[in-house]
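Below is one structure; the comments refer to it alone.
The values are calculated or read from the model by the stated rules, or taken from the named source; none is laboratory data. Note that the coordinates shown come from a computational prediction; the quantities given were computed from them, not determined experimentally. Note: ideal-geometry Cβ built from the backbone for every residue, glycine included; neighbour counts use all protein chains shown. These accessible areas exclude ligands, DNA and RNA; they are computed on the full protein's heavy atoms, side chains included. Shrake-Rupley method; radii C 1.70, N 1.55, O 1.52, S 1.80 Å.
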Amino acid sequence: MAKFTPPPLDGLKRRIDRHRQHMAGQRSGMFVRETYQMSRIDAREKAREWFEEFPKAAYWTEVESWRQLEGDQIEFTMRRLPSAD
């Protein structure tokens with residue numbers, strides 16, 4: 001009986017890398033996203049700035065994701081529509 005060995009993934013890895021390089025700097029989907037990493041206090045202030053500058057009712061602004069890092073650091077992604085029209 002032959003032993004099963006999975007195929008090498010080098011080709012797939014190269015394709016993923018090329019795709020990521022091609023997509024770098026391009027907007028994905030219809031939302032504008034920015035990711036930040038800062039202290040908890042600064043993170044709250046940055047989120048407030050986004051909600052003041054881009055009101056939720058008009059831009060669908062939201063904290064899309066967040067996670068707590070070591071220390072008092074927070075990494076989070078803010079999301080909004082590109083315009084209120």
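A straight Cα-to-Cα reach below 28 Å connects residue 13 with the lysines 3, residues fewer than 8 places away in its own chain not being considered. Pick from 71, 11, 29 the residue whose mean-square fluctuation is largest in a GNM of the chain, springs joining Cα atoms under 10 Å. Maximum fluctuation in the GNM of the chain, among the listed residues, is at 11. Computing the accessible area with a 1.4 Å probe over protein heavy atoms, can you report the carbon and sulfur percentage for the chain? Its accessible area is 52 percent carbon and sulfur atoms.
Structural descriptor for the chain: relative contact order 31 percent, calculated from alpha carbon pairs under 8 angstrom and at least 6 residues apart.
Solvent-accessible area per residue in the chain equals 84 Å², computed with a 1.4 angstrom probe and all protein chains kept. Over what distance in Å are the Cα centres of the stretch 1-18 and the stretch 36-55 separated? About 42 Å separates the Cα centre of the stretch 1-18 from the one of the stretch 36-55.
Stokes-Einstein D for the chain at 4 °C, 1.567 mPa s, Kirkwood Rh over Cα pairs, in µm²/s?
My calculation gives 82 µm²/s for D.
Full extension of the chain segment joining residue 67 with residue 16 gains 15.8 nm, where the gain is 0.36 nm per residue of separation less the Cα-Cα distance. For the chain, modelled as a GNM whose springs connect Cα atoms under 10 angstrom apart, the maximal fluctuation among 73, 21, 37 occurs at 21. GNM remark for the chain: springs join alpha carbons under 10 Å apart, and the peak mean-square fluctuation among 67, 48, 20 falls on 20. Simple spin-label estimate for residue 31 and residue 44 gives 2.3 nm between the two label positions (7 Å along the Cα-to-Cβ direction from each Cα).
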